[in-house]
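The values are calculated or read from the model by the stated rules, or taken from the named source; none is laboratory data. Worth saying up front: this structure is predicted, and the values here are computed from it rather than measured. Glycine gets a Cβ as well: all are built from the backbone with ideal geometry, and neighbour counts include every protein chain shown. SASA here: full protein model, heavy atoms, side chains in, ligands and nucleic acids out. Shrake-Rupley method; radii C 1.70, N 1.55, O 1.52, S 1.80 Å.
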Amino acid sequence: MTKHESSQELDLRDSGAHHGERAQVISPYVCRLRLARELAGFRKRAGLTHEALARKSGESKPKISRLENGHLRPAVDDVLAIAEALNISPDETAMLRTLTEGAAQRGWWEKQARDMGRRQAAIADLEQGAATIREYTTFVPGLLQTSDFMRAIAQHDDLVLAGDGHFEPSAMVRARATRQRMLRLPGGPSYETIIDELVLRRPTAPPGILAEQLRHLAKVAQDDVIVRVLPIGAILHNYRVPNSAFTLYTYPDPTDPVIASVDTVTSDIVLADVGEVAQYERLWNRLREAALSPEDSVDLLTEAAADLERTIRS
């Protein structure tokens, strides 16, 4: 490791994404959800209750229940014992083993979750191996923040500090920079964000830093990400105004669930239920229809940055 390389960068390179191919490993959390769905499906197909499967497999009923709920980091031996008790095919057993190994992985974010912030660690998990990330936000998106903006909010955001229990500003900044590098890797996820115009109008950092941040958003919007601004006066279908910021994640395998992560003051609520996620996908489409085009969004971001710079000079 050279002096310019962090352990996070090496972990990202080890994922395989640096060779121009999409990383084969996806979010361990998503693997856990898919494993849970497959285990429950096989058990129901076999006509077994949790109690009956526990007796046949030698695993405890609570462990089986937690595996089927996605609440337990799985062990290969446990899942293989369940597979044998279910009398499934070798191919189905191999599929369960692959999912188990993915679900059991510990990503770079877990090693530093306490210092980088547990909320950010959970987000990094969801981003791992994603095919697309779609985000509606009332704040500057973390994946597009400048280092100066990150440092400014890390030093002053007492709500973030309180919500995570412990938080190291410098670790948060380094971890967010690692997530941004993930976005730029060959085969990384496509990223589209809809930013509420309040982000441009309401101070969230000193004027000079915010102006630089807005110009950065305008620049990346002309590069390889899609940035749209939702005007304050935009009228959404049926006047359905979003209650909070949210992010949608999809993954390369069509059998993997679409995930919605909903931002609250104290935590991010992660949803995988098809019906619940579908509501956020409909809301996303309505926000997208009401937002400015990428070209008009760049113009508005540039104008807002210029307004801030004039204020600084006056």
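Applying the condition of being surrounded by fewer than 16 Cβ atoms within 10 Å (Cβ to Cβ) and touching a residue at least 24 places away in the same chain (Cβ under 8 Å) to the stretch 82-99 and asking which residue is farthest from residue 32 (Cα to Cα) yields 87. For the stretch 219-242, the criterion of being open to solvent by 30 Å² or more (accessible area, probe 1.4 Å), under 18 Å from the mean Cα position of the chain (by Cα) and modelled with pLDDT under 95 is satisfied by no residue at all.
With respect to the conditions (1) farther than 28 Å from residue 122 by Cα; (2) not in a loop (DSSP other than H, G, I, E, B), residue 59 falls short on a single one, namely (2).
Every condition in (1) open to solvent by less than 30 Å² (accessible area, probe 1.4 Å); (2) in contact with a Leu (Cβ under 8 Å, 6 or more places away or on another chain) is met by residue 283 except one, and the failing one is (2).
Checked against the criterion of being of a type in the set (Val, Ile, Thr), in contact (Cβ under 8 Å) with a residue 60 or more places away in the chain and in a loop (DSSP other than H, G, I, E, B), the candidates 311, 255, 247, 302 yield just one match: 255. Inside the stretch 265-298, residues that are under 18 Å from the mean Cα position of the chain (by Cα) and among the charged types (D, E, K, R) make up a count of 4. Restricting 263, 196 to residues that are open to solvent by less than 50 Å² (accessible area, probe 1.4 Å) and at pLDDT 90 or above narrows the list to 196. Applying the selection to the stretch 49-81, what residues are of a type in the set (Val, Ile, Thr) and surrounded by 14 or more Cβ atoms within 10 Å (Cβ to Cβ)? Answer for the stretch 49-81, where residues must be of a type in the set (Val, Ile, Thr) and surrounded by 14 or more Cβ atoms within 10 Å (Cβ to Cβ): 64, 79. Looking only at the stretch 100-132, residues that are farther than 25 Å from residue 262 by Cα and either open to solvent by 10 Å² or more (accessible area, probe 1.4 Å) or not in a helix (DSSP H, G or I) (or both) come to 1 in all.
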